[in-house]
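We did not get these values from a lab; they are worked out from the coordinates using the rules stated. Computed from a prediction, not measured in an experiment: that's the story for all the values here. Cβ atoms come from the backbone with ideal geometry, glycine included; neighbour counts cover every protein chain shown.
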Amino acid sequence: MKKTILNSILFILLNTIYGYSQTPTFDATFGTNGKVYEDFISGSNEFSQIVLQSDGKIVASGAVATNDPYTQCLVVRFNTDGSVDTTFGNNGTVVTNSNQAYAHSIALQNDGKILITGGIELPNNNAEILVTRLNSNGTIDTTFGNSGNTIISLPTTDEEGLSILIDPAGNIYIGGYSNNNSFIVRLNQNGSIDNAFANNGTAIVNGEILYDLEFLNDGKILCIGNNVNSLTLSKLNTDGTFDTSFDGDGMVSTTFGPNEFPYARKAVILNNGDFIVVGHAYHNLKNKPVLVRYHSNGSLDTTFGNNGIVIKDFGGIIEGFGVDAAVDLNNHLIVGYTAGVASNWDFGVGCYNLDGSDVNSFGTNGTFIFNFGIEPEGFASLAIQSDNKIVMAGYKDISLMARLENSILSTHEFELNTNFTLYPNPINNETKLEFTLNSSEKLSFEIYNTKGQRLKTITNNKTYNSGNNVEKIDNLEFLPKGIYFLRISNEDRSKFKNITFIK
């Protein structure tokens, strides 16, 4: 199984020695001084993506090479302190599929079950799309597909699943590439292909490779990826047809300069319907992280960065690749990088305002680069905890994680002489938010996940009177088990408060 999706674009170009200064704080309660080094089974292993459970435990997907270069899918669960959760799978790990296979993406279902997608090489040497489901304890869910696995064969060859998404009804969307085409396949909850979606269950979308799928605020599907010379976006209706309100035909391509070869890796949906695409481009003879902000109709937001685009230059010959991103509790965009030079790749994290400017109080001018002392290292995935700490994961023959402190800035919070009380928590259909106001105020209540994605609007600029108020927080059955934030914001959203809750 080829690992080019995570690896090949990283290990190129020059060698040198470089340094950075002014480091944020590692969380000393996590792993060893804020870092985790794990070598699972026997052979090299690496993480591709992490997700957070409702109890704060971290579930990671990836691969382990027990007989290099032949790999198997790897899923590991960690306790909140970074130790391996030995109650999961086989002493904390699950290794699936005896064929050559790799897990690129992971998602948690409503009932706590775990879905992974990637690729598998069959005995005829054809690479097909693999989807596997685990029970919450790490055992294989044999009710899914064929004894826990669904293998999707498209009419072409060289296929892999790179992104997985679950809608409120439990339908499963797999995005990836097949012979220079981007695709989405929709599966029913039992792992069978949903032939009612698009063309017999499969939609071919804009681009040669599709890296990320996200639900937009209207419930429709955003697909992001790239061609050789452009970032590619598609917006689909829930039936798999193109949404023609998105640039007229449901597709957008953003071209950079000649030979700049942009890659899109992640989309972050903002609460006003805009979204930011994170990736990299080969700009002025080196790779640099890029951020591009779009309006909900697919047009560039020209107030962001330089006419809608931010190109991050670390200086000198230091290069960088934007890989993953999320909005934190301070309403800042947190971007994870692989950064450095060819023989000394490190982890990096950047902090941006939503207008594309750096948050200069974070690290050095908005950037923090660090390593585990075993370069070259590759960053793969991040998540924002309910306390705003940043968990980052990646690889260098062994699996790596780190957790960074990330203070919640009180200057953004409401200046109200009262508390907002959400009860009961964990939530149920009787959950209510109670609060007292000194004067009448328009407030919005919105539900976000740990990636900073808005999932539901409870109220939008609803007027509440002075005195005691109660708002019922219901109709959240669609949420998978996990940690969420109820964001309370004022009329112009210049002030907000976050309440963490568990489903």
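Annotations
- Coarse-grained scattering of the chain at q = 0.07, 0.10, 0.12 Å⁻¹, given as base-10 log I(q)/I(0) from a Debye sum over alpha-carbon atoms: -0.35, -0.74, -1.11
- Rg/Rh for the range 129-234 stands at 0.98; both radii use Cα atoms, and Rh follows the Kirkwood definition.
- ³J(HN,Hα) computed for each position of the range 142-150 - Karplus, 6.51 cos²θ - 1.76 cosθ + 1.60, integer Hz, glycine/proline x: 6, 7, 9, x, 9, 6, x, 10, 10
- Whole-Å semi-axes of the range 241-385's equivalent ellipsoid (Cα gyration tensor): 26, 18, 14
- Using C-alpha pairs below 8 Å separated by at least 6 residues, the relative contact order for the chain is 13 percent.
- Extension gain for ASP313 to ALA28 (0.36 nm times residue separation, less C-alpha to C-alpha distance): 99.6 nm.
- Neighbourhood charge, 14 Å Cβ-Cβ cut-off, centred on ALA402 and excluding it, Lys, Arg +1 and Asp, Glu -1: -3
- Loop exposure criterion: GluC sites (Glu not before Pro), DSSP state outside H, G, I, E and B, at most 10 other Cβ atoms within 10 Å. Applied to the chain, the longest stretch between such sites is 1-414.
- The chymotrypsin sites (Phe, Trp or Tyr not before Pro) of the range 459-503 meeting both criteria, a DSSP state outside H, G, I, E and B (loop) and at most 15 other C-beta atoms within 10 angstrom of the site's C-beta, are PHE478.
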